[in-house]
Amino acid sequence: MVTNRLYRGGRPRFRQLNQRLSPIQRKERRWFWITLSVLTGFAFLLRLYHLASFPSGLFWDESFEGLDAYSLFGKPFWRWPLFFTAINGREPLFVYLVHLAQSLWGPSAWSVRVVSATAGALLTPALVWLGWELAPALKVNYRKQFALWNGLAVMALLWSQTVARLGQRMSLFALLEILFFAALWRAWRVATRRWWIIAGILAGLSFYTYLSVRVIPVLLALMLGYALLCRRAGLRSRWNGIAVGLVAALIVVVPLLIHFARQPADLSMRTDEVNILNHGGFPALFGNMGKVLGMAFVKGDLNDRLNYPGRPVLDAFLLVPFLVGLFRIARRFSRPAAFFLLVGLGCLLLSTLLSIEAPNFGRAIGALPIFVLLIALGLDQLLAWVSRWRPALWLPGSMVAWGLLSLSAALTASVYFVRYARYPSLFTTWDTGYTQVAHDIAAAPEIRLYAEADIVAHPTLQYLLSDQPAAKLPLSMDIDNRCLRVAPDMPARYYIKADADIRGVDLLMSYLPDSRNGVLLSGSAEQRWVSIIEQPADGRVQFPELRPLPRSFQDGIELMGYWVSPPATDAGGRLYARLFWRVTGRPTQSYTVFIHLSRAGEVLAGSDDLPGHGACVTSDWRPNEIVVTEMQLALPINMLDGMYDVMVGLYRLETMQRLEVAGNADGQVRLGLIQIRQGSIHWSGQN
């Protein structure tokens, strides 16, 4: 009653309030803020501790967040995208904040994760505020403790810890959602225009965070319907405030709505992909119901980026308080706050209920504050029951509640930093190998660097090396498809995945007889992932199988010679040709290599492809290096006896214009002749 009387024109008179408090009340208030500060400090510790190094890698989606944020440098803010289409589409606010972090710390795992981790830490004070605002409507017995218990309970959930330390936007959505709910309840309670505007702004901003926000209008519509039926008088006195808040929300969200109106495919990009009705229909949806209902205490998310696989939301310490809190709001379902919590729990779980891979803790993140509130509400109810039975047990009971939450939070931290850290699949899940290669390259001396194509193209490598000079970036090659690159005039380092074709690795090392082969380990697991081949500055370069056939092409490309597979293959088999190219000047275009079988000028068979199936295109070739490409030529069945030409060359795919060859008007070089005699192949090379 005192608090409500002190609001005039929406501005609390804190000095008058402090004067009206008794010394005991002022002491309680002081301890409330001290406790909140301590809890918030612990929250930041849990979220930020070793954030850049654990999880030990920066996985695919996190790297795309970082790449999109890095792409904003040099663009005026009014040209920043309102929707990012990579990895199935993303709202922009998280990317904007990561861009700000990169301005301070550069492109790194820390820059991507610090936004999510900070938002995750701020869940603690935000939930304390939400608990404080809801407490009168929930008729809690101990308002200050109830509010603070919310701030501690969220740290007791492994769910909040894993999501907070994941460099994606779920924690940011959860934070804005909680702040919106708290501002909304405060606006309803104090009925001032300022708080309706704040609630509207927070609601609008939440639509720039994460797809799951789209279920919130469903919850608000149900709350409005409830108010029309059961709280009409209170609603009538707040229509103006609600209208102001709605206008504020629309003003904030209208740029995004305009974007979706112009690009309607972006609106449904992700929902169409994960919609459970598109992956099994209603039987699959009914199966999801059991999984989502069981996520609380039976079986949780199996995705080891979001959870210790299968661990439910609640541990043994939190289960009873949660069930008591759920029982309490079910009994008081007709009251606004209870209706909000119960219906909100159902609505905010729709995102995972209606999608594949349920229960998905990322899509269900909107329900996190409801779980926390129910735990705190259950503890409040248990303490009230104990106090009524034995009033002297209030203090011990309160200490037990604090101890229960603290023990659960400590065990959760232990599960995350110890048990989860040892989970065997994390090396692959978090793209740790790619992260290690990126750090190794960043620390490498100024030498020529090569790596397999899928390593070079991986977003983790591209992001973590995005601020490195061009000379530090590895050049792409393909061991399996035989596009090998050698720098004969300088030291070089090669990064080759351990599962690469061993024949390709042996071939490369035969070209570099003085090279050394080492292994880049995965860390504590000692898991082999990438081999490193080091070619010293004075190391020999040789090509034992090379048959010289020097021919000069245009645009800085020279054919040194070739190798052709032994001619024991019958007609109808395959001919393998290895081509050795010397780069005399960096090519300006990407050329397609061809190998054709012809007779009397007529092409009978052929193979046309970018070098290494596009793994090492000619426009990426560097002066003075030697590139070895391998082609396969499928020989026609039932070839007639006679002589056939094997021709090679390069052309520009867009124009079909062949690259000119010195001394050859038709832009191709004859490697040799195939003679078919009684179904057998005889090869005669050209020297």
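Based on the Cβ-Cβ distance from residue 334 to residue 298, what FRET efficiency comes out when R0 is 35 Å, to the nearest 0.05?
So the FRET efficiency works out to roughly 0.75.
Can you give me the long-range amide H partners of residue 530? Hydrogens built in the peptide plane at 1.01 Å from N, cutoff under 5 Å, separation of 5 or more residues or another chain.
The answer is 498, 520.
Arranged from highest to lowest average of other beta-carbon atoms within 10 Å per residue, in what order do the peptides 373-381, 424-432 appear?
373-381, 424-432
Arrange the following residues from fewest to most other Cβ atoms within 10 Å of their Cβ: 177, 534.
Neighbour counts put them in this order, fewest first: 534, 177.
Give the order of 584, 412, 192 when sorted by the count of other beta carbons within 10 angstrom, beginning with the fewest.
584, 192, 412
Find how much the distance from residue 31 to residue 503 grows on full extension, using 0.36 nm per residue of separation minus their present alpha carbon separation; answer in nm with one decimal.
Residue separation times 0.36 nm, minus the Cα-Cα distance, leaves 162.9 nm.
So what's the back-of-envelope 222 nm ellipticity for the chain, counting only DSSP H runs of four-plus at -39500 (n - 2.57) apiece and dividing by all residues, rounded to 500?
About -15000 deg cm²/dmol.
Run the numbers for residue 660 and residue 221: contour at 0.36 nm per residue of separation, minus the present Cα-Cα distance, in nm.
Between residue 660 and residue 221, full extension yields 151.0 nm more.
Can you work out ³J(HN,Hα) from phi for every residue in region 340-346, in order, using Karplus 6.51 cos²θ - 1.76 cosθ + 1.60 and θ = phi - 60°, giving whole Hz and x for Gly and Pro?
4, 5, 6, 5, x, 4, x
What FRET efficiency would be calculated for the residue pair residue 238, residue 327, taking the C-beta separation as r and a Förster radius of 22 Å, to the nearest 0.05?
Efficiency computed from Cβ-Cβ geometry: 0.15.
In what order do 181, 282 fall by count of nearby beta-carbon atoms within 10 Å, going from fewest to most?
282, 181
Which lysines have a Cα lying under 28 Å from the Cα of residue 497, excluding residues fewer than 8 positions away in the same chain?
The qualifying lysines are 472.
Rank by packing, highest mean first: peptides 137-143, 413-419, with packing defined as the count of other Cβ atoms within 10 Å averaged across residues.
Result, highest mean first: 137-143, 413-419.
Taking the Cα centre of the chain as origin and charging only Cβ (+1 Lys, Arg; -1 Asp, Glu), how large is the dipole, in debye to the nearest 20?
Using only the charged Cβ atoms, the result is roughly 5840 debye.
Which of [x] 34.4; [y] 37.9; [z] 30.7 is the computed mean projected area of the Cα convex hull in nm² for the structure on display?
Recomputing mean projected area of the Cα convex hull in nm² here picks out [y].
Can you give the FRET efficiency to the nearest 0.05 for residue 677 and residue 546, using r as the Cβ-Cβ distance and R₀ = 35 Å?
It comes to 0.80.
Under 5 Å between amide H atoms, partner at least 5 residues away or on a different chain: which partners does residue 667 have, H built in plane at 1.01 Å?
Those lying under 5 Å, H to H, from residue 667 are 661.
When you count, for each residue, the other Cβ atoms within 10 Å and take the mean per peptide, how do 164-176, 80-92, 301-313, 260-272 rank with the highest first?
Going by the mean number of other Cβ atoms within 10 Å, highest first, we get 164-176, 301-313, 80-92, 260-272.
For residue 457 and residue 389 in the same chain, what is the full-extension length gain: residue separation times 0.36 nm, less their Cα-Cα distance, in nm?
Difference between extended and current length: 17.8 nm.
Any read-out appearing in this document is the output of simple, stated calculations on the displayed coordinates, not a laboratory observation. The shown structure was predicted, so the numbers you read here are calculated from the model rather than taken from an experiment. Glycine also receives a Cβ, built like all others from the backbone with ideal geometry; neighbour counts cover every protein chain displayed.
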